[in-house]
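Chemist: Can you keep this structure in mind? I'll have questions shortly.
The values are calculated or read from the model by the stated rules, or taken from the named source; none is laboratory data. Quick caveat: nothing in here was measured; it's all calculated off a predicted structure. Every residue, glycine as well, gets a Cβ built from its backbone with ideal geometry; the counts of neighbours run over all protein chains shown. Surface accessibility is based on the protein's heavy atoms, side chains included, excluding ligands, DNA and RNA. Shrake-Rupley method; radii C 1.70, N 1.55, O 1.52, S 1.80 Å.
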Amino acid sequence: MKGIVVCISGPSGVGKGTIVKELLRIDPALALSVSCTTRAPRAGEKNGVDYFFITHEEFARKRENGEFLEFDEHFGNFYGTLKEYVSNLARQGRTVILEIDVVGAFKAEAYYGGTCKVVNIFIKPPSFEALEERLQRRGSESEEQLRARRLRVKFEYGQAEKFDYVVLNDEVARAAAEIRDIIQREQNNE
Ligand code: 5GP
């Protein structure tokens, strides 16, 4: 496949979503992988743009058919990346952005590695403490939930060296511009 799969990953709470939005704004030629979810659309969200909003039954069917590259459950709802959606864009020569957790990024690399170029980018918070602080400040979780989250963040934080690039999220506009530069160099095979 001629295209490139770019995984934007990093610990939860690091600000991946905000950076990806800015990245797509400054480089509209990039394509975003639209995931499936069983959760209801929020106000303003569009089917096929923000997510494909599907039922639990449909999700289970797709999972059994092996249509997902990876999937996960968050807050009682399922989310999954569609292999065909990403492959179609890559076949057309597009650069496809996957906003994905670290485990998902490794799965994407394993799946697409032999067929097209995969670039894995890890978004790093200014410090581990800053991330901890952000988790604490949300204030909505029990001690038990916080402990589980902290453990996960610690694991995710420790995966940085397995990525092709590490980008510091000190400022959204700067981090997005750095990622755009990385992508352009990869597109030009530099
Ligand atoms: P939200 O409901 O706020 O849009 O997303 C909830 C969580 O699901 C976020 O952490 C988001 O990154 C994650 N998520 C969205 N799409 C996918 C996906 O395709 N796969 C996985 N594993 N997580 C996803």
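Chemist: Based on the alpha-carbon gyration tensor of the range 1-112 and its eigenvalue square roots a ≥ b ≥ c, which shape applies: rounded if a/c is under 1.5, prolate if not and a/b is larger than b/c, or oblate?
Modeler: rounded
Chemist: Turning to a different aspect of this structure: Please compute the modelled spin-label separation between A130 and Q187, points set 7 Å along Cα→Cβ, answer in nm with one decimal.
Modeler: About 2.8 nm, to one decimal.
Chemist: Here's a follow-up. Taking Cα centroids, how far is the range 76-108 from the range 1-22 in Å?
Modeler: Measuring centre to centre over Cα atoms gives 10 Å.
Chemist: Additional query: Please compute the per residue accessible area over the range 10-113 with all protein chains in place, 1.4 Å probe, rounded to a whole number of Å².
Modeler: For the range 10-113, the per-residue accessible area is 50 Å².
Chemist: Oh, and also: Given the chain, what count of lysine pairs have C-alpha atoms under 20 Å apart, with each pair 8 or more places apart or on different chains?
Modeler: Going through the chain pair by pair, I get 21.
Chemist: Here's a follow-up. Ignoring any ligand, DNA or RNA, what whole percent of the accessible area of the chain comes from carbon and sulfur when the probe is 1.4 angstrom?
Modeler: In the chain, the share of accessible area belonging to carbon and sulfur is 49 percent.
Chemist: Sticking with this structure for a sec: Quick check on packing: order 31-40, 69-78 by the mean number of other C-beta atoms within 10 Å, highest mean leading.
Modeler: For the peptides 31-40, 69-78, the packing ranking is 31-40, 69-78.
Chemist: Here's another thing I want to ask about it. Starting from the Cα-Cα distance between A60 and F155, subtract it from 0.36 nm times their residue separation and give me the gain in nm to one decimal.
Modeler: Taking 0.36 nm per residue and subtracting the Cα distance, the gain is 31.4 nm.
Chemist: Now for a different question. Taking all pairs of different Cα atoms in the chain, averaging 1/r and flipping that mean, what Kirkwood radius in angstroms comes out?
Modeler: This gives a value of 17.4 Å.
Chemist: Taking only DSSP H segments of four or more residues, each worth -39500 (n - 2.57), what value at 222 nm results for the chain once the sum is divided by all its residues, to the nearest 500 deg cm²/dmol?
Modeler: Computed mean residue ellipticity for the chain: -13500 deg cm²/dmol.
Chemist: Among 110-119, 93-102, how do they line up from the highest to the lowest mean number of other beta-carbon atoms within 10 Å?
Modeler: Order by mean packing, descending: 93-102, 110-119.
Chemist: Continuing with the same structure: Mind ordering 9-17, 181-189 by average Cβ neighbours within 10 Å, highest first?
Modeler: Packing proxy ranking, top to bottom: 9-17, 181-189.
Chemist: If you don't mind, there's one more thing I want to ask. Please work out the Kirkwood hydrodynamic radius for the range 82-190, using every pair of different C-alpha atoms, and report it in angstroms with one decimal place.
Modeler: 15.8 Å
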